[in-house]
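Q: Can you keep this structure in mind? I'll have questions shortly.
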Amino acid sequence: MAPPRVGGGSAVGDFTVIPLRFSNRSRASRHLFVKLHRVRDTADRSRPQDRTLFVLNLPPYISQECVHRLFSQCGSVTSVELQEKPGPSDKSETQKSKFFSGRSVQGFRVAYVVFKSSAGVKAAVSSKPREPWVLSTSERPVKTGLQKWIQDYSSRIIDAGELQTEIDQFMKQHDQKVAEMEALEEAEDGVPDEDGWVKVTRKGRRPGIPRTEAGNLRLIQREKRKRAQKELLNFYSWQHRETKREHIAQLRKKFEEDKQKIALLRAERKFKPF
Amino acid sequence: MKRKSPETDLHVAEQQDLEKIQDAGNNSDDGEKDEEIEKPGKRRNVMKKKQTTDAGVIGAVKLSKRELYKPPTNEELNQLKETENLFHSTLLRMQIEELLKEVKLKEKKRKAIDTFLHEVKNFLSNIPETKQVDVTDQSWLSKGVKVPFLQMPYNIKGKFHFLPPASVKVIGSYLLGTCIKPEINVDVAVTMPAEILQAKDNLNQRYLRKRALYLAHIAYHLSKNKLFGCVKFGYFSSNHLKPILYLSPQGKDEKLVTVRLHPCAPASFFKLSRFHPSKNNVRVSWFLEQESAQGENDEPPTPHYNNTILIDLVMEKHLHFLFNAATDFPGMKDGIGILKVWLHQRELSRGYGCFSGFLASMLVAYLLSKRKLNKMMSGYQVLRNVLQFLAVTDLTQNGISLFQDTDDSVPSLQDFHEAFEVVFVDPSGFVNLCAEMTTSKYKQIQYEAQKSMEILDNKTVDGFEVLLMTRKPLLQTFDHVFHLKNLVKLQEGCKKMKLLNDLIDHGGNYIVTILPHLLSLLTRGLGQRIHLLTHSLLQTSEWPINADPPKHKDSRCLSFGVLLNPAFSANVLEKGPLADSPEAAEFRDFWGENSELRRFQDGSICEAVLWQGDNMCDCRLIPGQIIKHLLQLHVDLPKSSLCYVGGLLDSVIEVEKGHAGSEEKTISVVQSYDDLSRKLWNLSGLPLNVTSVQGIHPVFRFTEVFPPVPVKPDFSFYMKAKNTKCLLPSSDKPCSVYVPALKVICHMEGSGKWPQNKDAIQHVKAAFHIRLADLLHQQHQLTSQPSTTHVDVYKDGYVFRVQVGYHREPLILKEIQTPDGMLKYRDTEESLQLELETIHLPYLTSTLHGLQQQHSAYSGTCRLAKRWVSAQLLSNHIGEESIDLLAAYLFTQPAPYSPPASPQTGFLRFLNLLSTFDWKNNPLIVNLNGDIKETEYAEIKNDFVATRTQHPVMFIATPNDRKSSIWTKGRPSAPILHRLAELASQSLRTLERQLMDPLDNHDLKMVFRPPLDIYDVIIHLNPRHIPRYSEAVDRPKVTYNRGTLRDDAAVKFLKMPVVDHDPVQCYLRELRSSFGEFALFFYDTHGGSLIAVLWKPQAFTPQPFKTSHINAKMLETKENGLQIIPNVEAIMEDFEILGAGLVKSVKALTEKWKI
C-alpha cells in the first residue's frame, strides 16, 4: 500500500510518513512519523531546534545504533536519543552507572535524532523514499527472539570486582556529602537569622524531635483520651436517656441494613434452596 | 434449558465472557472516549454493552436523624427484643421467613389441589368390581397394565377380587401443611375393603401382592381417564415391596402436584402382635419353593417384612398423632419445613432408608412429648432443638419410643434393637420408623447435626447460607468416594456371607440385604483411618404402568463416601495382635493372606498387614487398597466392579510416577533451604548480623505446582561466561532445563551505619551481596553469583536467590518532606512493592507453611487449583498468592464441611467457592492462625461495605491485611474474575458428572484443556524452546535433552546453571509491553505450547491523529479525514519477529480487526 503523504496544515500536523520494513523478506510495512523538533523551551542544549528530528512509532526491536544507521541516509547524525514518551530528556540527571540504571525501556519508543546540519532534517522531512527503509540487513542483522534473550541473560551476569569498585566510589562520595550536610547543620544550629529566629537542628546541643505526621496524630489522640477520661458516663439523667435512645437507633439501623440485604437477596432469587 | 454437552456449554459461557473481557478493554482507555467521533452503524455491537453501574451492591444505609430517633412503639420494641432473644439476629429471622415463603405451598394452589383430590376420590369409588379368582391367575387384568410387583416366587395360594375402596383419605404432610416445594406430594390412603383380604394374608407376601393387584386395577382405570396427565407406578421410599401410584393432573397443572395412592388394609384387620419383630411371616420353604420339614418355631424372624405391613395399618393413626401435636404450635410447621430443606440439601431425605420428612415430623412430636420443645417456640428453635437432639443421641444404641402405656404384648426396645440397626418406635409401640436405616446413615445424620450445631454457634459464618442454602453433594462432602458397579455380583456376596434369612426378610432384594454387612465389614477394616463411612441411598424411579417393575439388578451403582481421619489414614502398617494371642487367628481370618508376622522394634512379634505406598500421594489411597482387598476377600467382589475415586486427578500435578512425589520433592527443597539459612546465620565476617532469613518462593509454602528437582548441568551443553563460574544458554541447542530462582529474604540488623538515602541503600545492599557470595564460597564452598539486587547461591542442585533486606527501607522510600518541614509517609509504588516482598510475603509463606503442617491436603489442593487456573491460560491474570489464599480459606473456614483431607475434594470445593462466592458484597476473610476474633469479623465487613468501590473486585482479608487486600490489587480484573467463575462452574459440573458415574471411561483431563475458539490469534511455539514442556497436561511424547546430568554423575567442580531463564516468559513480557494496549495474552505457564491472543475492540476504532497514541498504528483516509488505525498486518508480523526462533506460526482465527 502506498503511504499517503501528509502535508502541513492537515489534521495530522506536519508529520512525514516514512515506511519501514523489518527485512527484505517481510511483507508488512510500518510507518515512522517524523517532523522537525520544535518546542517553546529552547534551553535544552542537547536538542538544537533546527537540527533535531523528532521520530515517532519506533518498533520495539529497534536500537539506538539502528536509528543512527537509518537516518544517516539523510545526512550525518551526531546523536540519537530513544525515549518511551515524547518529552524532555531524562538523562539530564547525573550519568547513571551501568549497574544501577533501572530497567531498560521496552515496547514502542520515540527518538530525537540530532543531525550535524539542518540540511539533514530537511532531507528527512521531505524524503519520499520509493522503497521502504529496511531495518535488518544481512550485514547488520537485528537480534530478536531467542538470540536477544540469550544476549540479555549474559549481560545480566556482572563482574563482582567492577561492581565493588563502583560501589566504593559511590559510597565515598555519599559519605562526603553526608558529612558536609552534617557540618552545615551543626554550623547553623543556634545561629539567629535576620529576624532573630533560631534554628534547631538534630546536630545541635539540644536536638529537636523530628516533626512527623504520625507524631502529630499521636499527640492529638492523647489529648482526646485525656478529655474523655474527665467526662462522666451516664451521670446525668439526660445522658442516660441519650444512651438508650442511641441503642434503639443502633438496632433500627441494623434492622434497616438487614432489610436491605434481604431485599437484595430476594431480588437475586437467593432464597430458592434447590 | 437442556444441556447438550459440556463442551458446547463451555463455549457458550466463553462467548459471553469474551464480550465482558472486551468490554473491560473499552473501559481501560477511558481517557480517549471524549475524543471519539460517533459513527453510527460502524461501531461494533459489543460497544453498546456498557458495564451496568454497580447493580446489586449493598451500600451503607442512610436513615434520616428523625427516622432513627423517633420514639419507639410498643410493637416495635417487642419485635426488636424478640429477634434478639429467639434468633441470633434480625438477619437470620428474615432469611428464614423468606426461605419459608419460597418453599411453602401458596393458598391459591391449595384450592386447585383440593379440587383435584376431590375428583380423584369420586373417581376411585366408581371403579367397577371384578370376579373372584386365584391370586396367581392374573389374566383378568387388562393388557395395558403390568403388576407392579416382583413376584418371586410366583406361586401362592389365595383369592382376589376388586371392590371399590372402603375409604379414601388424605394423609401426611399435605394436611399438616408441612409439604414443601419443589415436589408437592399429597399422600392418599386407599383402604381396601376387608372382604378382599383373608385371614392369613399376613403370610408369604400375600397381603402385599393383593395390594399390588388392587393398585394395578386402579391404575388401569385411572389411565383411561383424561383427567390425569400422568399415571405411573413407583415404590414407596424405594421399598420394592410397597408399590404406590403416582397421579398428576392434566395440562398446565401437571407440575403442580403429585398425588400418591397408598392402598392399605383396614386398621383393625390384622392383630398388630402378629408382626412382633421376632415373629416369622415368610416361610423359608415357600421362599425357596421347597417342601419344608421345618416347624413354625424354627423359622427365622422377619422384622423388616413385618414392619413393611405394619406401616400400612397405622398410617391413619400417625396422622392423628401428628395433628394433635401440631395444633396450637405454629413453630412446628415452620420447623419441619426448615428441617426438610436441611435434609434435602444433605441428600438424606429420599431413597431406601432415608430420613424422610415424615420421620422428621415424628421426631419433632417426640421432642414435644418429652417437653424438650414447647408450643411457643419458633421454627428456628425447633430446628436447633432437633439438631441438638440428633447430635447427642445415638439411636443405634439407645432407641426411643413414642409408645406411652405399658403393655406386655408390645415388644420392648431390646427386641427392636436385636432386629434393627436404628430404633425409633411409633405411638402404637409396634412399628420401627427407622427400620430401613443403616447405622452408617444414622452416624452421618448425627455428624451433620453436630456440624450444623457448630455452625449455628459460630458467629463468623453465615449460618443460614451454609446450613440451608448450600447443597452438600457426596463428592464434595467426603474425602474419598467409591462406587460399586455390576450390582448383580452382590448376589454372590449374599451367598458367601450366608445371608439367606435376611434375604427372605427383605423379599429377595440382595442389595439392601448385604448393605449393612458390607458397611460393618468396611468400618471394621478401616478402623481408625476414617471418621465416617456412608453410602448413597438406593433410589428407584417411577415407571409407566404398562412396563414391568425395575429389577434389583437395574440399579446402576451404589456409591460410598469416606471421611478420612488424616492422622491415621495414610499409615502404611496395620498392626495386629501378638502372634501367640487368641485374637491372632481372628485377625488372620479378617485380613486373609495379606496378614503376616512381623517383628517390631520393641521386640514383640505381631500379626500385621503392610500396604503399599512409596510417597504421600500413594499413601493417601491406602483406604482404597483396604476396601478393594476386603471386598474381594469377604464378598467375592472382583476389583473391576469397584471404582475408587480418590486420587484420579493426581496425574496432572505429578510429572512422572516415581519414587518421590511432589510433596517429597518440596520437603527436600525445604531441607536444603533450612541448611542454607543456618549457614547464613552463622556466617562470620559480615559487618552486620543477620536478623532473619525468610523464604518467599511458593515452594517454601508447599504450593509450587511442580517443585524444583536438583539439577546438575552438563557443561558441554552450555556456553561459558568469561571470568565467572556461570553457564550461559546457547542458541543452537534446545532451551536448557528451567531452574527457578528460589527467593530468600535475608534481613540485616538495623544500625546507625546504614545510610538514610535510597540510592545509597541500594549500593550498600549490593556490597552485601558481593560479600555474602565471597563468604559463602570461603566458608562453605558454595558457588554463588552476586548482582546488584541479589546473590544466587547454587546448593544441592537448587538455586537460591538471596536478597538482602533492611527493615527501614520501605519507610525511607515513603518519606516526603512538606515545605514546612513536617515528615509525611505516603505509599509509593516502589515502597509497596518492597513491603510486599520483604514483609507480607515472608509472613504469608510462614503461615501457610504452618497450615500445611496442620492439614496435609493443603499442598495438593492448592497445587491442583493453580494447575487448573494455569491450564485455563489465566495464570498471569490472577495473582499466585490469591490462589494460595483461596485454597487456605477452604481449610480455615470449611463450613458446612470438615476441612478436606484429600486434594481432590479440596479442588472440587475450590471450584465451588470460585463459582459461587459473591465477591460484590462480601470480603473473603481468610483467618490464618485464627488471628481474627469473632468481633473483628463484623468490623472488617462493615469497613468493606462502606468503601466497596475503592477496593479491587476480589477482596481477600487476612489477619495482617484487613483493609486493603494487597494480593488482589490490579488483578484479577472484573471480567477475568467473571470468566474464572464461569469456567469453574462448568468444570465443576463436568467433573462431578464424570466422577459420580463409574460406568463410562471418562477423560478427567477434560477440564484441564482450555477451549480456544474464543481467541482471535493463536501463536504456536516450538516445543524445543519451552523449558517446562514436560509439565503439560497431556504429557508430550517427545522429550528434549535439556542439558542435565543424572543425579549420580560425578562432577569435579561446580558451575552456576542457567537460572530463571524461560524464553516464553521473556517473549510474553515483550509482547505485553509492546502490544498491551491492543490485546490480552493468555498462556499456560506449565508447558503450554501456544499463546492465545484476544484483541481489545476499543483499540480498533479509528482515531484522530495524536502523538501520544501512535504506537504500532498507521494512517488511513476515512470519510472524515485522516484517521489512525492499528497496523494489524505489522503487529502480526511483529509477533513473529519478537519471538524469532521460538514462534512456530501465528494463526489468526478471526478477522475481527477489519473495521
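Q: Where does helix B:758-780 land angle-wise versus the long Cα axis of chain B, in degrees 0 to 90, nearest 10?
A: Tilt of helix B:758-780: around 80 degrees.
Q: According to a simple spin-label model (label point 7 Å from Cα along Cα-to-Cβ), what is the distance in nm between residue B:459 and residue A:200?
A: Going from the residue A:200 label point to the residue B:459 one covers 4.7 nm.
Q: Based only on Cα atoms, what Rg/Rh ratio does the protein assembly as shown have, Rh being taken as Kirkwood's radius? Please list the in-between numbers first.
A: Details: Rg = 39.9 Å, Rh = 38.4 Å.
Rounded to two decimals, Rg/Rh equals 1.04.
Q: In what order do B:434, B:643 fall by count of nearby beta-carbon atoms within 10 Å, going from fewest to most?
A: B:643, B:434
Q: Next question, about the same structure. How big, on average over all directions, is the shadow cast by the Cα convex hull of region B:690-753, in nm²?
A: 7.4 nm²
Q: Fully extended, how many nm does the chain gain between residue B:1049 and residue B:829 (0.36 nm per residue separation, minus their Cα-Cα distance)? Walk me through the numbers on the way to the answer.
A: On the way: separation 220, 0.36 × 220 = 79.20 nm, distance 4.67 nm.
The span from residue B:1049 to residue B:829 would gain 74.5 nm if fully extended.
Q: Still on this structure, please answer the following. Which translational diffusion coefficient, to the nearest whole µm²/s, is obtained for region A:125-274 from the Stokes-Einstein equation, given a Kirkwood hydrodynamic radius over C-alpha pairs, 4 °C and 1.567 mPa s? Please report the intermediate quantities before stating the final value.
A: Details: Rh = 27.0 Å.
Calculated translational D: 48 µm²/s.
Q: Of B:639/B:665; B:333/B:372; A:85/B:1147; B:720/B:1052; B:679/B:758; B:121/B:200, which ones are farther than 22 Å apart at the Cα?
A: As for pairs spanning more than 22 Å Cα to Cα, those are B:639/B:665; A:85/B:1147; B:679/B:758; B:121/B:200.
Q: Classify region B:375-417 as rounded, prolate or oblate from the Cα gyration tensor: take a ≥ b ≥ c as the square roots of its eigenvalues, call it rounded if a/c is under 1.5, otherwise prolate when a/b beats b/c and oblate if not.
A: On the way: a/c = 5.78, a/b = 1.82, b/c = 3.18.
Oblate, because a/c is 1.5 or more while a/b does not exceed b/c.
Q: Let me ask something else. How big, in percent, is the set of alpha carbon pairs in region B:668-793 lying more than 25 Å apart? Walk me through the numbers before you get to the answer.
A: On the way: 2748 of 7875 pairs.
Summing the P(r) tail past 25 Å for region B:668-793 gives 35 percent.
Q: Using only Cα atoms and rounding to the nearest 10 degrees, what angle (0 to 90) does helix B:510-526 make with the longest principal axis of chain B?
A: 40 degrees
Q: Can you give the charge dipole size of the protein assembly as shown about its Cα centre, rounded to the nearest 20 debye, using +1 on the beta carbon of Lys and Arg and -1 on the beta carbon of Asp and Glu?
A: Details: 191 positive and 168 negative charges, 692 e Å.
So the magnitude is around 3320 debye.
Q: Mind checking the mean number of beta-carbon atoms from other chains within 10 Å of the Cβ atoms in B:722-731? Let's see the in-between values first.
A: Numbers: counts 3, 5, 4, 1, 4, 1, 5, 5, 1, 8.
Neighbouring Cβ atoms belonging to other protein chains average 4 per residue here.
Q: Report the one residue of A:273, A:72, A:146 whose Cα lies farthest in the direction of the positive end of the charge dipole of chain A (charges on C-beta: Lys and Arg +1, Asp and Glu -1; origin at the Cα centre).
A: A:273
Q: Another question about this same structure. Run through all the Cα pairs of region B:179-296 and give the fraction in each 10 Å bin from 0, expressed as whole percent.
A: 12, 35, 30, 16, 7, 1
Q: So if the hydrodynamic radius of region B:482-629 is defined as the Kirkwood radius over C-alpha pairs, what does Stokes-Einstein give as its diffusion coefficient at 25 °C and 0.890 mPa s, in µm² per second?
A: Details: Rh = 17.7 Å.
It comes out at roughly 139 µm²/s.
Q: Mind putting a number on the dipole of chain A about its Cα centre? Charges go on the C-beta only, +1 for Lys and Arg and -1 for Asp and Glu, and I need it in Debye to the nearest 20.
A: On the way: 53 positive and 35 negative charges, 418 e Å.
Magnitude of the dipole: close to 2000 debye.
Q: Separate question: Compute the Rg/Rh shape ratio of region B:494-563: radius of gyration over Kirkwood radius, all on alpha-carbon atoms. Don't jump to the answer; show the numbers that get you there.
A: Working: Rg = 14.8 Å, Rh = 14.0 Å.
My calculation of the ratio gives 1.05.
Q: Hey, another quick one. How much length, in nm to one decimal, is gained on full extension between residue B:122 and residue B:169, taken as 0.36 nm per residue of separation minus their Cα-Cα distance?
A: Details: separation 47, 0.36 × 47 = 16.92 nm, distance 1.18 nm.
Result: 15.7 nm gained on full extension.
Q: Test of understanding: ordering B:73, B:990 by Cβ neighbours within 10 Å, fewest first, what list do you get?
A: B:73, B:990
Q: Hey, another quick one. Using Cα springs under 10 Å in a Gaussian network model of chain A, which residue among A:235, A:108, A:33 shows the largest mean-square fluctuation?
A: Comparing A:235, A:108, A:33 in a Gaussian network model of chain A, the most mobile one is A:235.
Q: For residue A:162 and residue B:715, what is the calculated FRET efficiency with R₀ set at 22 Å and r taken between the beta-carbons, to the nearest 0.05? Intermediate values should be presented prior to the final figure.
A: Numbers: r = 25 Å, r/R0 = 1.14.
Computed FRET efficiency for residue A:162 and residue B:715 comes out at 0.30.
Q: Only four residue types carry charge here, +1 at the Cβ of Lys and Arg and -1 at the Cβ of Asp and Glu. Report the dipole size of chain B about the Cα centre in Debye, rounded to the nearest 20. Show your work: numbers first, answer last.
A: Values: 138 positive and 133 negative charges, 386 e Å.
In total the dipole reaches around 1860 debye.
Q: Follow-up. Going by how many other Cβ atoms sit within 10 Å of their own, how do A:134, B:314, B:739 line up, fewest first? All intermediate terms of the calculation are to be shown ahead of the outcome.
A: Details: A:134 14, B:314 19, B:739 25.
Ranked by crowding around the Cβ, least crowded first: A:134, B:314, B:739.
Q: Now for a different question. From the backbone phi of region B:560-570, what are the Karplus-calculated ³J(HN,Hα) couplings (6.51 cos²θ - 1.76 cosθ + 1.60, θ = phi - 60°) in whole Hz, Gly and Pro given as x?
A: Values per residue, Gly and Pro as x: 10, x, 10, 9, 7, 9, x, 5, 10, 4, 9 Hz.
Q: Using a simple spin-label model with points 7 Å from Cα along the Cα→Cβ vector, what separation in nm is obtained for residue B:104 and residue B:636?
A: Calculated label separation equals 5.6 nm.
Q: If you don't mind, another one. Mind ranking B:229-241, B:270-282 by how tightly packed they are, going by the mean number of other C-beta atoms within 10 angstrom, highest first? Don't skip to the answer; put the middle values down first.
A: Details: B:229-241: 20.5, B:270-282: 18.2.
The peptides rank, most packed first, as B:229-241, B:270-282.
Q: Next question, about the same structure. When N is the residue count of chain A, what does its C-alpha Rg come to as a fraction of 2.2 N^0.38 Å? Can you show the working numbers first?
A: Working: Rg = 33.8 Å, N = 274, 2.2 N^0.38 = 18.6 Å.
Computed over Cα atoms of chain A, the ratio equals 1.82.
Q: Under 1.5 on a/c is rounded, so check that first for region A:189-274, then, if it is not, pick prolate when a/b is larger than b/c and oblate when it is not; a ≥ b ≥ c are the square roots of the alpha carbon gyration tensor eigenvalues.
A: Values: a/c = 5.48, a/b = 2.16, b/c = 2.54.
Taking the square roots of the gyration eigenvalues as a ≥ b ≥ c, region A:189-274 is oblate.
Q: To continue, here is another question. Rule-of-thumb check for chain B: C-alpha Rg over 2.2 N^0.38 Å?
A: Values: Rg = 35.9 Å, N = 1155, 2.2 N^0.38 = 32.1 Å.
Compared with the compact-globule rule of thumb, chain B sits at 1.12.
Q: In vacuum, with every alpha carbon of region B:1055-1116 counted as one equal point scatterer, what does the Debye formula give for log10 I(q)/I(0) at q = 0.14, 0.20, 0.22, 0.26 Å⁻¹? Two decimals, please.
A: For the requested q values the scattering log ratios are -0.55, -0.86, -0.96, -1.15.
Q: So which of A:259/B:459; A:270/B:375; B:146/B:317; B:109/B:370; A:270/B:106 end up more than 25 Å apart by C-alpha?
A: Numbers: A:259/B:459 19 Å; A:270/B:375 30 Å; B:146/B:317 32 Å; B:109/B:370 36 Å; A:270/B:106 19 Å.
Over 25 Å apart, Cα to Cα: A:270/B:375; B:146/B:317; B:109/B:370.
Q: Note the direction-averaged projected area, equal to a quarter of the hull surface, for the Cα convex hull of region B:922-1063, in nm². Walk me through the intermediate numbers first.
A: Numbers: hull surface 64.1 nm².
The directionally averaged projection comes out at 16.0 nm².
Q: Continuing with this model, one more query. Restricting to region B:674-815, what percent of DSSP beta bridges are antiparallel, rounded to 5?
A: Numbers: 16 of 23 bridges.
Given both bridge residues lie in region B:674-815, the antiparallel proportion sits at roughly 70 percent.
Q: If you don't mind, there's one more thing I want to ask. How large is the Kirkwood hydrodynamic radius of region B:805-900, in angstrom, based on all distinct alpha carbon pairs?
A: Numbers: mean 1/r = 0.0626 Å⁻¹.
Kirkwood hydrodynamic radius for region B:805-900: 16.0 Å.
Q: Another question about this same structure. Specify which residue in the list B:846, B:653, B:585 is farthest towards the positive end of the charge dipole of chain B, using unit charges on the beta carbon of Lys, Arg (+1) and Asp, Glu (-1), about the Cα centre.
A: B:653
Q: In region B:299-347, how does Rg compare with the Kirkwood Rh, expressed as the Rg/Rh ratio over alpha carbon atoms?
A: Rounded to two decimals, Rg over Rh is 1.17.
Q: Using amide H atoms built in the peptide plane, which far-off residues or other-chain residues are under 5 Å from residue B:167 H to H?
A: Distant-sequence amide H within range of residue B:167: B:191.
Q: Another one. Any idea what angle helix B:622-635 forms with the longest principal axis of chain B, computed on alpha-carbon atoms, 0 to 90 degrees, nearest 10?
A: Once rounded, the angle reads 30 degrees.
Q: Taking a virtual spin label 7 Å from the Cα of residue B:580 along the C-beta vector, which residues in region B:591-623 bring their backbone nitrogen under 18 Å of it?
A: What the label zone holds, given the 18 Å backbone N cut-off, is B:597-608.
Since every read-out is calculated from the coordinates, none of them should be taken as a lab result. Note that the structure is predicted; figures quoted are calculated from it, not measured. When we count neighbours, we look across all protein chains shown, and the Cβ atoms used for this are built from the backbone with ideal geometry, even at glycine.
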